[in-house]
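Right, one structure below, let's go through it.
The values are calculated or read from the model by the stated rules, or taken from the named source; none is laboratory data. Everything numeric here is computed off the predicted structure, so don't read it as measured data. Counting neighbours? That spans all protein chains shown, and the Cβs are built from the backbone with ideal geometry, glycine included.
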Amino acid sequence: GVADVAAAAVPPGEAPVLRELRYACHLNIAACALLRQMDYHAAIEHCTRAAVDCQKSAAVLPLLRRAEAARHVGLFANGVADLERALDLSAPNSNAKHAPGHHDEVRKRLEQVKYYSTLFAARDTGA
């Protein structure tokens, strides 16, 4: 299927259009896993693959989705790290392809994940 094709190894001299196609496939599979199937581990895996297959400037969206999936499975530190990286990439002075308009959204999500992280850490320690 599409997932098997998208998961194929990336040959060193691969055409950029194939890399972009693989990026889009992984990003879409991750969106389906996250939003429709609630398979958060699959979403994390496909977002990771999308981030590997894209230029640094296009990594904002896979990082956002991976952070959302990480939040759902309680991996708050991973989510915070992804959102901090996405925040850097989406800064107004960056050359990020998919960053325009994302900076404020990323900042809000980062605040939410940090809040949940603190809330659950306090609950787990009995504070």
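Need pairs with beta-carbon distance below 8 Å; first residue farther than 16 Å from ARG22 by Cα and within the range 34-47, second surrounded by fewer than 17 Cβ atoms within 10 Å (Cβ to Cβ) and of a type in the set (A, V, I, L, M); sequence gap 6+ or separate chains.
Matching pairs, first to second residue: TYR40/VAL73; HIS41/VAL73.
Starting from residues that are closer than 20 Å to ALA15 by Cα and of a type outside the set (A, V, I, L, M), keep the ones in the range 28-64 and report whichever is nearest to the chain's Cα centre (by Cα).
Quick first cut of the range 28-64, residues closer than 20 Å to ALA15 by Cα only: 49-59.
Right, trim to of a type outside the set (A, V, I, L, M) and you get 49, 53-57.
Details: ARG49: 10, ASP53: 12, CYS54: 12, GLN55: 14, LYS56: 12, SER57: 13 Å.
Filtering first and then ranking leaves ARG49.
Filter the range 1-56 for residues that are outside any helix (DSSP H, G or I) and within 22 Å of ALA67 (Cα to Cα); which is modelled with the highest pLDDT?
Initial filter on the range 1-56 (outside any helix (DSSP H, G or I)): 1, 7-15, 37-39, 54-55.
From the residues that got through so far, the ones that are within 22 Å of ALA67 (Cα to Cα) too are 7, 37-39, 54-55.
Working: ALA7: 47, GLN37: 90, MET38: 91, ASP39: 95, CYS54: 76, GLN55: 73.
Of everything passing the filter in the range 1-56, ASP39 is modelled with the highest pLDDT.
So which of VAL60, VAL73 ends up being at pLDDT 90 or above, in contact with a helix residue (DSSP H, G or I) (Cβ under 6 Å, 6 or more places away or on another chain) and of a type in the set (Val, Ile, Thr)?
On the way: VAL60 fails: at pLDDT 90 or above.
From the options VAL60, VAL73, the qualifying one is VAL73.
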